[in-house]
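Structure record follows, encoded as structure tokens.
The numbers here are math on the coordinates, done by the rules we state, and not lab data. The model shown is predicted, which means the values in this text are computed figures rather than measured ones. Reconstructed Cβ throughout: ideal geometry from the backbone, glycine too, with neighbour counts over all protein chains shown.
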Amino acid sequence: MQPMLFAHPFASYCWKVLIALYENQTPFTYRVLGPEDPEAATDLEALWPLKKFPVLRDAGRTVIESSVIIEYLALHYPGPVRLLPSDAGKALEVRFLDRYFDNYVMNPMSKIVTNQLRPEGARDAFGVAEARAALDAAYRWLDEWMAGRSWAAGEQFSLADCAAAPALFYADWAHPLGERFGQVRRYRSRLLARPSVARTVDEARPFRSFFPLGAPDRD
Ligand SMILES: N[C@@H](CCC(=O)N[C@@H](CS)C(=O)NCC(=O)O)C(=O)O
């Protein structure tokens with residue numbers, strides 16, 4: 001039996017896991033949460049009442065949280081691309097960067113996007129301004145960090161880049177990366193050129209009209 005992934009092609013945290021799976025060409029059963037598979041949502045809720053996705057089901061185990069799923073895949077379905085370095089110290093840096101992209105890029109980006117889904121009278125302009133400032137600070141730190149690096153943790157593509165790809169992809173849509181963040185812009189372009197990421201972006205194309213802020217005509 002191959003692992004089963006509950007996910008949606010347009011969902012940013014699902015991208016992290018899809019990129020990891022595509023990096024190593026790991027076979028899996030894709031349960032897309034949508035009208036074509038109405039039972040997928042019920043099955044997901046039975047496994048994880050919080051109903052957040054992605055969720056991986058494998059060998060009688062339910063694996064939750066995108067970063068943990070990627071670590072699980074690295075343990076149980078290792079492939080040629082080692083997304084977690086074997087060196088424990090280097091692995092800590094990869095985990096730090098994974099947390100960085102989720103907490104300081106994905107979170108403020110989500111704040112801006114989900115605010116748009118609220119009824120007009122319930123929107124949070126102050127929170128959005130804070131999220132934009134937080135993204136600017138995150139872009140600034142990352143721009144210095146990326147100098148001299150090809151990938152987030154150096155020369156090896158890792159878990160951190162799986163997190164960076166959706167975070168920077170959608171963050172640039174929600175709060176564009178200014179010209180002054182050249183290192184981050186070039187890193188984002190390198191990510192989008194990576195075959196695993198390009199495939200993930202392509203699979204999400206049919207859903208772009210659902211982007212609440214209006215998807216830009218690029219990428
Ligand atoms: N920390 C979780 C975040 C998962 C998450 O928020 N997923 C979004 C989709 S990208 C979701 O489940 N949205 C539906 C909801 O919040 O009800 C992870 O890394 O897997």
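Can you tell me which lysines have their Cα less than 27 Å from the Cα of K111? Leave out same-chain residues fewer than eight positions away.
Filter leaves K16, K51, K52.
Put +1 on the Cβ of every Lys and Arg and -1 on every Asp and Glu Cβ in the chain; which of G178, Q156, A46 then has its Cα farthest towards the positive end of the dipole?
Projecting each Cα onto the dipole axis, the largest value belongs to G178.
What full-extension length gain, to one decimal in nm, is calculated for R140 and Y30 as 0.36 nm per residue of separation minus the Cα-Cα distance?
Stretched out fully, the R140 to Y30 stretch lengthens by 35.9 nm.
Sorted by packing (mean other beta-carbon atoms within 10 Å per residue), highest first, where do 119-126, 14-21 land?
Per-residue Cβ counts within 10 Å, averaged per peptide and sorted highest first, yield 14-21, 119-126.
Starting from the Cα of F207, step 7 Å along the direction of its Cβ; do the same at S86; then give the gap between the two resulting points in nm.
Between F207 and S86, the label points sit 3.7 nm apart.
Enumerate by residue number the trypsin sites (Lys or Arg not before Pro) in the range 31-109 meeting two conditions: DSSP loop (anything except H, G, I, E, B), and at most 14 other Cβ atoms within 10 Å of the site's Cβ.
K51, K52
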